[in-house]
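**Student:** First, the structure itself, so that you have it in front of you.
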Amino acid sequence: MRKGGKFTDSNNGALVSFEGIDGSGKSTQARALAQTLQDRGYDVVLTREPGGAVGAEAIRRLLVEGDPDRWSAETEILLFNAARRDHLEKTILPALASGKIVITDRFADSTRIYQGAARASLRPLVDKLHALVIGIEPDLTFLIDMNPKAALARGLARRSGEDRFEELGLEFQERLHHGFLDLARDNPGRIRVVDGARPVAEISTDVAHQMQDWLKARTP
Ligand code: ADP
Ligand code: TYD
């Protein structure tokens, strides 16, 4: 809901996700968009996956730390969906119901591509489980598109202790990259591909314009 009394209809809530390979600049852009929208008077919740709620953050630690072979792809799908369900119940749905714009750093597209396509060919399982326990899609998704070599160098430079997926290497990141682009091609209305190989401010301006156009288009 927009602050200042202009729009009072709680249907003004929106779910926006950022997707992309590790180190593509999603988190940087999610933060920048949240700040821009807040500055323009919108109520914004900035959140992330896996995580975004107390229980989901506990599940995150199981997922992002430890040996790359710690879980099978099937087990990961269950854990990511458990985390997402908690995130949805505790954070996303209450915020949408009160008319806020929820910006999430990753959502279900990550499971579609990491577990459904790149780690294993389990897209049917991912889609069935999503339909059963999640059942919603973002209104708008920004796919920050980035060359895997450059993104991997950025991501590993951080050494956050959460490198379980990044340690899967360049070939894995290439599969993710193609998977995300295929998904964008299949969902042209929802997923906007944004060139991530530009200065941070240039990308944020591009994203903010697209977001503003989308908000204008849906305002009655
Ligand atoms: P992600 O969330 O996709 O893993 P981050 O936003 O955390 O990516 O960015 C990964 C690293 O790259 C960070 O150190 C960040 O400061 C840097 N970074 C992000 N966007 C850019 C950009 N457009 N150009 C150069 N460096 C960037
Ligand atoms: P994230 O914190 O976004 O990592 P990064 O900032 O490096 O991109 O996500 C942690 C890891 O979890 C990341 O490597 C992607 C992976 N992941 C999946 O494999 N499936 C999922 O459904 C989600 C949400 C994340």
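A short reminder: the numbers here are calculations on the coordinates, not readings from a lab. Since this is a predicted model, take the numbers as computed values, not measurements. In this analysis, Cβ positions are derived from the backbone assuming ideal geometry, glycine residues included, and neighbour counts consider all displayed protein chains.
**Student:** Zone of L132 (label point 7 Å along Cα→Cβ, backbone N under 16 Å): which residues in the range 70-90?
**Tutor:** 74-86
**Student:** Quote the FRET efficiency, to the nearest 0.05, computed for L93 versus Q35 with a Förster distance R0 of 35 Å and r equal to the Cβ-Cβ distance. Display every interim value, and only then the final one.
**Tutor:** Values: r = 24 Å, r/R0 = 0.68.
Efficiency, rounded to the nearest 0.05: 0.90.
**Student:** Under 16 Å from a point 7 Å along the Cα-to-Cβ line of R185: which residues of the range 110-129 have their amide N that close?
**Tutor:** So the set is 113, 117-118.
**Student:** Kirkwood hydrodynamic radius (Cα pairs, Å) of the range 33-111?
**Tutor:** On the way: mean 1/r = 0.0749 Å⁻¹.
Kirkwood radius, the range 33-111: 13.4 Å.
**Student:** If r is the Cβ-Cβ distance from A150 to S121 and R0 is 35 Å, what FRET efficiency results, to the nearest 0.05? Display every interim value, and only then the final one.
**Tutor:** Numbers: r = 27 Å, r/R0 = 0.77.
Once rounded, the FRET efficiency stands at 0.80.
**Student:** Once the dipole of the chain is set up with Lys and Arg at +1 and Asp and Glu at -1 on Cβ about the Cα centre, which of F172, L88, A108 lies farthest towards its positive end?
**Tutor:** Result: L88, furthest along the dipole toward the positive end.
**Student:** For the chain, what's the radius of gyration and Dmax over Cα atoms, in angstrom?
**Tutor:** Spelled out, the Cα radius of gyration and Dmax of the chain are 16.8, 52 Å.
**Student:** While we're on this one: Show me the ranking of peptides 119-126, 15-22, 30-37 by mean Cβ neighbours inside 10 Å, starting with the highest.
**Tutor:** Details: 119-126: 16.1, 15-22: 25.5, 30-37: 19.0.
Per-residue Cβ counts within 10 Å, averaged per peptide and sorted highest first, yield 15-22, 30-37, 119-126.
**Student:** Among G41, G55, A73, whose Cα projects farthest towards the positive end of the dipole of the range 33-75, with charges put on the beta-carbon of Lys, Arg (+1) and Asp, Glu (-1)?
**Tutor:** So the residue furthest toward the plus end is G41.
**Student:** With +1 on the Cβ of every Lys and Arg and -1 on the Cβ of every Asp and Glu, and nothing else charged, how large is the dipole of the chain about its Cα centre, in debye rounded to the nearest 20?
**Tutor:** On the way: 31 positive and 32 negative charges, 127 e Å.
The dipole magnitude comes to about 620 debye.
**Student:** While we're here: Helix-derived [θ] at 222 nm for the chain: sum -39500 (n - 2.57) over DSSP H runs of at least 4, divide by residue count, nearest 500?
**Tutor:** Numbers: 9 runs with 109 residues, N = 220.
Calculated from helices alone, the mean residue ellipticity at 222 nm is -15500 deg cm²/dmol.
**Student:** Separate question: What order do you get for 54-62, 88-96 when each peptide is scored by the mean count of other beta carbon atoms within 10 Å, highest first? Don't skip to the answer; put the middle values down first.
**Tutor:** Numbers: 54-62: 16.4, 88-96: 18.0.
Ranked from most to least packed, the peptides come out as 88-96, 54-62.
**Student:** Within the chain, how many Lys pairs that are eight or more residues apart, or on different chains, come under 19 Å at the alpha-carbon?
**Tutor:** Lysine pair count for the chain: 7.
**Student:** May I pose another question? Just name one of G99, I21, L122: the one whose Cα is farthest towards the positive end of the charge dipole of the chain (beta-carbon charges, Lys/Arg +1, Asp/Glu -1).
**Tutor:** Going by the Cα projections, it comes out as G99.
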